[in-house]
Amino acid sequence: MSEALLEVNHLKKYFPVTEGLLNRTVGQVKAVDDISLTLQPGETFGLVGESGSGKSTVGRTILRLTEKTAGEVKFKGQDIHSLSSVELRLLRPQMQLIFQDPYSALNPRVRVGDAIGEALLDHGLCSRHEVRELVLESLDACGLSAYHIDRFPHEFSGGQRQRIGIARALILNPDLIIADEPVSALDVSIQAQIINLFSKLQRSKGMAYLFISHDLSVVEHLCSRIGVMYLGSMVETASRDELFHSPLHPYTKALLSAVPVPIPRLKRERIVLKGDIPSPANPPSGCKFHTRCPFAVEVCKAQTPVFRDAGGGHFVACHLV
Amino acid sequence: MEANSRMTGLHESRVQRQKSSLFRQSLKRLMKNKLAVAGFGVVVCMFVLCFIGPFFSPYTDNKINMTLMNKAPNLQHLLGTDALGRDILTRVMQAGRISLTVGLASMLLSVFIGALLGAIAGYYRGIADQVIMRIADLLMTIPSLPLLFIFGALLSEWKVRADYRMYIVMLMLSIVNWPGLARMVRGQMLSLREREFMQAAVVLGLRDSRKLFHHLLPNVVPLLIVMATLNIGGAILSESVLSFFGLGVMPPTPTWGNMIDAANNMIDFQDHPWLWIPPGLSIFATVIAINIFGDGLRDVLDPKQKR
């Protein structure tokens, strides 16, 4: 196995809950609780889970937009959380983030061309008269026109703005793009365009994606490996075909049974989970899923299941598998 | 081929149009506000009158002529003459130069100090924020007028040369005015730095200076323009108050404030109203016009903030 592009080991991110005048810490929200994953160059890893499972926090902690609590993030062998701010700044162009909300991710007072080209100039990656050419190239690759270059973000639709966000990341030729629910704020027809854009760009540029989503069909279309998160922890990681055809964890099974299929008369077994996702400030003991798991037994309440290989790189954290 | 070049021509003009779109939209909306346009007109007239007017006057502002003491308005002296026989109209225009310059310059200086310190405090937070904002708080707790009086009295005590006093008055007014601006810029910075596009700037690895001057400050500029405009009016008023009390710019240099000083004298107040009404009206008209224009600007540039 070649050297991994991104290696995340036992990453934890706890947010303190403070109270009172003196900001006493009264508890911790375990947004990310012991996540490990590896990403090979050019690979697409999908991270799925319901709202509040900590997917976005994983992405942000990997890029050190928030400081970690424990664990290790290695990008090309360098520990991102121990770099100095100057070293980190120089490494930034190689790993980019696409934001969920294309409306707030662009500065309303910066022209599109400047927004896309400024990082190149700021890092001295090209000269002042080359930049326009490169911006036009990047706009073109993302399906935007040359005359868009001098416009302001408010003149664009949501789908176009997401393209601008992608063009802004793309122009730096990153090796890793973390896409934080890039299509969930868009309507369905635009979602398809943006997803196709993602796969087209990967074919031509060969960067790796960490694709965060709550939409299983999107992830199935795009990703070669998929990790399922529940309440800050990874419950199952497998290749796409493995996960969709033989899911092992009851939570994954429940999620898959909820994906709508375009065959109206198809009768299938639907696993309905009871209740809501518990609070990450006070997660259940043992297996975090036992409160909602239809197959839970005594051992699930007492012991935390180990995240282990169930054969052929299919990892799962469940006592019953 | 020709069609092609025409197409690119179309594109070019479109690009030109787009380039000014944000500014033009604002201008269009401002033009709809008749009151604000009128206010702007008055301010422009005032500037033209004060800076160009004296060249057409047959009199100089400091020419003393004892034979023409306290003459009521007549055809030779449209607004009359003062106790030293000087033409009031010429002096009002000359005074306007000083008053408007002091107002404008002190505004520029306080906006510069306020925006810079506010931006640093809001962006870096921590110790810089604490130090800057505590100094600002300190200056704001002292009412500005007594503070200006103390400064003014000190200047008189130290016998500062009369022609330097104008510059020192500018400085004094900026010292009193910057804390309010700094506080506001800081507040804006604090909210802007949490916005998602600033996270995008972090991910892109932009330098601090670029984040500050290309991303944060441009978002504060509309607010700053509005505050600066309203600030000019306040500065003109403060300067007049100081000069009226003899603590600002000293005669013989005329300012609107020290010309109204004539009203201090009961006889002049009752019998020679042409001594103090013209400078008084000038202050009144200018400050009101600036404030109306500033309010109009605020409605256009910063619609969320209503007084």
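Taking the solvent-accessible surface of protein heavy atoms with a 1.4 Å probe, what is the per residue accessible area of chain A in Å²?
Each residue of chain A exposes 45 Å² on average to a 1.4 Å probe.
Taking 30 Å as the straight-line reach from the Cα of A:K267, the lysines in range (excluding those fewer than 8 positions away in the same chain) are A:K253.
Would you work out the relative contact order for region B:93-307, in percent, from Cα pairs under 8 angstrom that are 6 or more residues apart?
Once divided by the residue count of region B:93-307, the mean separation gives 28 percent.
Remark: the A:R128-A:T304 segment gains 57.7 nm on full extension, using 0.36 nm per residue and subtracting the alpha carbon distance.
Counting only alpha carbon atoms, the long axis of helix B:277-301 and the longest principal axis of chain B meet at about 10°. The long axis of helix B:144-157 is offset from the longest Cα principal axis of chain B by roughly 50 degrees.
Against chain B, whose longest principal axis comes from its Cα atoms, helix B:126-141 is set at around 30 degrees. Let me know the mean shielding of B:189-198 by other chains, meaning the per-residue number of their Cβ atoms within 10 Å of its Cβ. Going residue by residue through B:189-198 and averaging, the value is 3. For chain B, set up a Gaussian network in which alpha carbons nearer than 10 Å are linked by springs, and say which option among B:N62, B:N291, B:N177 fluctuates the most. Sorting by GNM fluctuation, first place goes to B:N62. Its Cα centre serving as origin, region A:246-321 has a Cβ charge dipole (Lys and Arg +1, Asp and Glu -1) of approximately 320 debye.
Dividing the summed helix terms, -39500 (n - 2.57) for each DSSP H run of n ≥ 4, by the number of residues in chain B produces a 222 nm estimate of -24000 deg cm²/dmol to the nearest 500. With a 10 Å cut-off around each Cβ of A:108-116, the average count of Cβ atoms from other chains is 4.
Residue farthest toward the positive end of the dipole of region B:93-307, with Cβ of Lys/Arg at +1 and Asp/Glu at -1: which of B:L145, B:I288, B:A201? Going by the Cα projections, it comes out as B:A201. What a 1.4 Å probe finds exposed on region A:246-321 is 58% carbon and sulfur by accessible area, rounded to a whole percent.
Roughly how many debye, to the nearest 20, is the charge dipole of the protein assembly as shown about its Cα centre, given +1 on each Lys and Arg Cβ, -1 on each Asp and Glu Cβ, and no other charges?
680 debye
Carbon and sulfur: what percent of region B:93-307's accessible surface (1.4 Å probe)? Solvent-exposed carbon and sulfur of region B:93-307 make up 68 percent of the total. A straight Cα-to-Cα reach below 22 Å connects B:K34 with the lysines B:K304, B:K306, residues fewer than 8 places away in its own chain not being considered. Once C-alpha pairs closer than 8 Å and six or more residues apart are averaged by separation and normalised to the residue number of chain A, the relative contact order reads 20 percent.
When chain A is described by a simple charge dipole with +1 on each Lys and Arg Cβ and -1 on each Asp and Glu Cβ, the residue from A:L320, A:L243, A:S199 located farthest towards its positive end is A:L320.
Give me the percent relative contact order of region B:32-103, please, defined on Cα pairs under 8 angstrom at least 6 residues apart.
In percent, rounded to a whole number, it is 31.
Could you tell me what percent of the accessible area of region A:58-195 is made up of carbon and sulfur, with a 1.4 Å probe and every protein chain present? The nonpolar share, carbon plus sulfur, comes to 47 percent. Can you find, among A:I271, A:V219, A:N107, the residue sitting farthest towards the positive end of the charge dipole of chain A, where Lys and Arg contribute +1 and Asp and Glu -1 at Cβ? Projecting each Cα onto the dipole axis, the largest value belongs to A:I271. Please find, in a Gaussian network model of chain A (springs between Cα atoms separated by less than 10 Å), the residue of A:P280, A:P108, A:P174 whose mean-square fluctuation is greatest. Checking each option, the largest mean-square fluctuation is seen for A:P108.
Show me the ranking of peptides B:223-229, A:264-270, B:47-53 by mean Cβ neighbours inside 10 Å, starting with the highest.
Answer by packing, highest mean first, reads B:223-229, B:47-53, A:264-270.
Entry note, chain A: the mean residue ellipticity at 222 nm calculated from DSSP H runs of n ≥ 4, each adding -39500 (n - 2.57), is -8500 deg cm²/dmol after division by the residues and rounding to the nearest 500.
To the nearest hundred square angstrom, how large is the accessible surface buried between A and B, total for both chains, probe 1.4 angstrom?
Using a 1.4 Å probe, the pair buries roughly 2800 Å².
The values are calculated or read from the model by the stated rules, or taken from the named source; none is laboratory data. Not measured: the values here are computed from a predicted model. Don't worry about glycine lacking a Cβ; one is built from the backbone with ideal geometry, like all the others, and counts go over all protein chains shown. Ligands, DNA and RNA are stripped out before the accessible areas are found, and what is left, the full protein with its side chains, is counted by its heavy atoms. Shrake-Rupley method; radii C 1.70, N 1.55, O 1.52, S 1.80 Å.
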